[in-house]
Amino acid sequence: MGACRFDTHRGGACAERTADRPRLAAAAPMTWLVDARGGWSRRDLLREARRAASGIDRTTTVLVATTSLHDTIVTTCAALHVGAPVWLVGARRGRLDLVDLMAEAGPGALLVTDGDLGVAGERRLADLVTGRRTPLPRVPAPVTLHTSGTTGRPRAVRRSLPSPAVVAQVGSVLRRIPLRPRRIGVAVPPTQSHGVAAWTGAWLTGVPVIDLHRLTPPETAALYAESGADAVTAVPDQLESWCAPTGLVISGSDRLAPAIAARLTDGGAQVVDVYGTTEAGPITLAGPAERALDPATVGRPLAGVRIRVVDGAGREVEPGALGRVEVCTPLLGRGRTLATDLGRMRDGLLRLEGRADELTSTRGELVSYERAEQYLRTRHGVTGVRTTAAGLHITADDTGLTADVLRRAMLRDLGPAYARVELCVTRRP
C-alpha cells in the first residue's frame, strides 16, 4: 500500500499517512489545529462553523459525540453561533446511552457523530454544511457537559464558553505549569471535560494544538515526536501505555499513579498532574516540587479551591488522617461542595486513597458492575450473572455465546469503558 498524502488549507500543515503510521511536517505559524486530515487556523474553524450553522435550527438541541477535535470545535461553535443548546456527550458513550440522551433532548434533537451508530437523528458534520452563512444570534446558548457518573448518577453540567469562571479555571492551571508550550498534543477525547478544558485553554492562549486522539500508542508517539510539539495532555490510562514522551506532560482527570509519573520523569519529561472532575473542574495540581515532597500526592489546591477532609459526621479530621475529601471550587458555585474520594491532607498536600463509593473509573468514566449485570441478563442465551472478585461470571446455555462476543456487545451498547470488564462464561450443565 502506497503513501496517501493529506493536503491542507492554505498555509496549513502537511500531514501524510504511510502504510504503518502517520507522518506530520512542520505547521505554518498561522495554523492552530493539526490532525491527520490537515491543518486549520482559528479563523478557518470559525468560517466552517458559520457554514455549518446554516444546517442547525435555533430550537434544536445539538448533541456532540464526535472523536475528532476539528469536528467537535466546529459543531460546538456552529450551534452556539445560532443560539442552539449544545450537549457534549462524548464519543465513548454506548449506543444505549446515546438513545436515552436523544430522548431526553426531545423531538428534533440532532446527534453529530463520526459515522453510523444506528441512532435516530444521527448526522455527520458534513451533512450540516449548506454553504450559506448565518446571522449572529441575539442570545448565546450554554454548553452542557454530561458527566460519566463518576461523581454519582450521570448528570448534566452547564457551562458558558468562555465564561469568567472557565477563564479563571484555565488561568489557575497555567500559572502553576513550569513552562508555556509552543505546541501541545491533545490525546484526551475532545468532548470529555479534561479535553474541553485543554482545547478551550489552547484556544484562549493561542497555543497550537495537535489532535492525538483516536491513534494507537505507537502512532501517537510518532506523531507527537514529528509534530514539533513540546507538550502533551492525556489521562493516566493513556500515559500508562505510551512510550515516555519528552517535554511537558500534563495528566488530567484521574489520579496519576506514582510509577507512571516516575517512568515519564526518568524519560526526561516534566510531569504535571491535574486532578479534577467534570462538575468541580480542576481541583489540585502536582508538579515536580510537590512530588519531591510526596510521590503519591495529587498536589496542592488551585486558586479559588477549598479542600476539607471530613469524617462520617462532616467534622474535619486531624492532619494526615483518612477521611472523605470535600471540595469547593469556583465552577461548583458558592456554597456547593463535592465529595467522592477518600484521602489525607498534610502540609497542604492532598493524597487520595481511593473512591468513597468503591466504584471503578476508566479514563474518567464510570464502570458500573450493576449496570453490566442488568445488561448481560437481557442477552439471549444468558441464564445467570454474578459479580466476583475477578469480574463477572456468566452462565449460558448458548455454545456460541463467548466472552469475546459479550464484550463486543458491551462495547457497542454500553461504551468503551466496559471493554475492560473481565468476563468468564461457563456452560449450564
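Among the residues of segment 301-323, is any closer than 20 Å to Gln192 by Cβ, among the aliphatic types (A, V, I, L, M) and either touching a strand residue (DSSP E or B) at 6+ places or on another chain (Cβ under 7 Å) or not assigned by TED's automatic domain parsing to the domain that holds Val196 (or both)? So far as segment 301-323 goes, yes, one or more of its residues are closer than 20 Å to Gln192 by Cβ, among the aliphatic types (A, V, I, L, M) and either touching a strand residue (DSSP E or B) at 6+ places or on another chain (Cβ under 7 Å) or not assigned by TED's automatic domain parsing to the domain that holds Val196 (or both).
The condition of being at pLDDT 80 or above and assigned by TED's automatic domain parsing to the domain that holds Val188 holds for Gly343. Which of the residues belonging to segment 169-213 are surrounded by fewer than 17 Cβ atoms within 10 Å (Cβ to Cβ) and of a type outside the set (Val, Ile, Thr)? Matches in segment 169-213: Gly171, Leu174, Arg175, Pro178, Leu179, Arg180, Arg182, Leu204, Gly206. Among residues of segment 56-91 being part of a loop (DSSP other than H, G, I, E, B) and under 15 Å from the mean Cα position of the chain (by Cα), the one that is farthest from Asp211 (Cα to Cα) is Val89.
Of all residues in segment 209-247, those being within 20 Å of Pro258 (Cα to Cα), part of a helix (DSSP H, G or I) and of a type outside the set (Asp, Glu) number 3. Among the residues of segment 322-336, is there at least one that is modelled with pLDDT under 85, over 30 Å from Gly304 (Cα atoms) and of a type in the set (A, V, I, L, M)? Taking every residue of segment 322-336 in turn, none turns out to be modelled with pLDDT under 85, over 30 Å from Gly304 (Cα atoms) and of a type in the set (A, V, I, L, M). Of the residues in segment 283-296, none is buried (at least 16 other Cβ atoms within 10 Å of the Cβ), more than 25 Å from the chain's Cα centre (by Cα) and aliphatic (A, V, I, L, M). Comparison of Gly201, Gly195 shows that the only residue that is out of contact with any helix residue (DSSP H, G or I) (no Cβ under 6 Å at 6 or more places or on another chain), small (Gly, Ala, Ser) and modelled with pLDDT under 90 is Gly195.
Return yes or no: is Thr61 under 30 Å from Arg183 (Cβ atoms) and touching a residue at least 40 places away in the same chain (Cβ under 8 Å)? It is false that Thr61 is under 30 Å from Arg183 (Cβ atoms) and touching a residue at least 40 places away in the same chain (Cβ under 8 Å).
Note on segment 297-311: residues that are part of a loop (DSSP other than H, G, I, E, B) and either under 16 Å from Gly281 (Cβ atoms) or out of contact with any Leu (no Cβ under 8 Å at 6 or more places or on another chain) (or both) total 6. Of the candidates Asp273, Asp254, the single residue that is within 26 Å of Arg175 (Cβ to Cβ), touching a Phe, Trp or Tyr at 6+ places or on another chain (Cβ under 9 Å), buried (at least 20 other Cβ atoms within 10 Å of the Cβ) and charged (D, E, K, R) is Asp254.
For segment 92-125, a residue qualifies if it is within 21 Å of Thr278 (Cβ to Cβ) and not in a loop (DSSP other than H, G, I, E, B), and the qualifying residues are Leu96, Asp97, Leu98, Asp100, Leu101, Met102, Glu104, Ala105, Leu111, Val112. In the set Thr60, Thr8, only one residue is surrounded by 15 or more Cβ atoms within 10 Å (Cβ to Cβ), at pLDDT below 85 and over 17 Å from Val207 (Cβ atoms); that residue is Thr8.
Scan segment 379-403 for residues that are under 30 Å from Arg214 (Cβ atoms) and modelled with pLDDT of 85 or more and the total you get is 4. In segment 398-421, the residue that is farthest from Gln192 (Cα to Cα) out of those that are surrounded by 12 or more Cβ atoms within 10 Å (Cβ to Cβ) and among the charged types (D, E, K, R) is Asp398. The residues in segment 346-367 that are at pLDDT 85 or above and either buried (at least 16 other Cβ atoms within 10 Å of the Cβ) or acidic (Asp, Glu) (or both) can be counted, and the count is 6.
The values are calculated or read from the model by the stated rules, or taken from the named source; none is laboratory data. Being a predicted model, the structure only gives us computed values, none of them experimental. All Cβ positions, glycine included, derive from the backbone under ideal geometry; neighbour counts span all protein chains shown.
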